[in-house]
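Here is the structure we will look at, set down as structure tokens.
Please treat every number below as a calculation from the coordinates, not as lab data. These numbers were taken from a predicted model, which means no experiment stands behind them. Virtual Cβ from ideal backbone geometry, glycine too; neighbours counted across all protein chains shown.
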Amino acid sequence: MAETPIATEDLAALLRWYADQGVEEAVEERPVDRFALPPPAAVAATVPAAKASARPATPTPLRPSPLPAPAARAPVPIESPQLVDDARALAERCSTVAELEAAVRGFESCALKRTAKNTVFADGTPGAPVMIVGEAPGSDEDRLGKPFVGVSGQLMDRMMAAIGLTRDGGFYITNILFWRPPGNRTPTLAEQAMCLAFTRRHIELARPKILVLAGGTSVKAVLDTTEGITRMRGKWVGYRLADGTELPTMPTFHPAYLLRTPASKRLSWMDLLAIDKKLKELP
């Protein structure tokens, strides 16, 4: 439908009405950004040639100065280095596994102990040919005061029994941590370091023929490595004791992981066969 042209008289009357209302400026249909920089051509037209040539062809937008880049973070320090030194000194004074257990049970400096129901030290026979080091006690272990007594522990027992080893003289089992972290939270660096001081002495005093590290946390802590369990498992490595003796060490999956991913049991069976073969080769 064609628009009807507005008569000149009507336009004049509309302008007079605008003037009576105080409207003195014309406004376009599209908004104009008064803060935007003019295009380069307009800038060049208003600047003498000598000055224009000294400026960049494209004007730099006005922006706030960028904030300085944050400084690189230093390695996270251990919260209580003195407590870690105290734990290490106490562990080194122990000459038997029984003395070490008494020292762990009497150690009050680790915050994990204040929220745990029981100290979970070890189970089995010290001096057994195989020593297994896991990660941390779970709710069942915290309640009963023994490591690997829940569903994952039952699976561990069946796995070791498949190569003829039981807790009654066949293998000795413990964890890096002796107390369950509340809510299964990640232990702090100090808590890990304090417990690890006792765990390292525990391995030296038990002196197994073969050391088995169950789970990625155990592998990284005991071997002081950043390699993941999927790259480490199934490969023999050496764990050096304070006197220079090297223990054949087998990283393997934690049984809790196998319960979540049953397809990985085939790989763990290969690890068990390698442990059985190594035991038969050792004097």
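The table for this structure:
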| read-out | value |
| --- | --- |
| Cα centroid separation, the range 223-267 to the range 114-170 (Å) | 17 Å |
| Sites Asp86 and Asp224, calculated FRET efficiency, Cβ-Cβ separation with R0 25 Å, nearest 0.05 | 0.75 |
| Interchain or long-range residues, amide H under 5 Å from His254's placed H | Gly215, Gly216 |
| Pair Arg185, Glu108: separation of 7 Å Cα→Cβ label points (nm) | 2.2 nm |
| The range 81-281, relative contact order in percent, only Cα pairs under 8 angstrom and at least six apart counted | 23 percent |
| Cut-off 11 Å between beta-carbons: net charge of the residues surrounding Glu227, Lys and Arg +1, Asp and Glu -1 | +3 |
| Lys pairs under 22 Å by Cα in the range 81-281, provided they are eight or more residues apart or on distinct chains | 15 |
| Antiparallel DSSP beta bridges within the range 81-281, as percent of all bridges there, nearest 5 | 35 percent |
| Net +/- balance of residues flanking Val130 in space, Cβ distance below 11 Å, scoring K and R +1, D and E -1 | +2 |
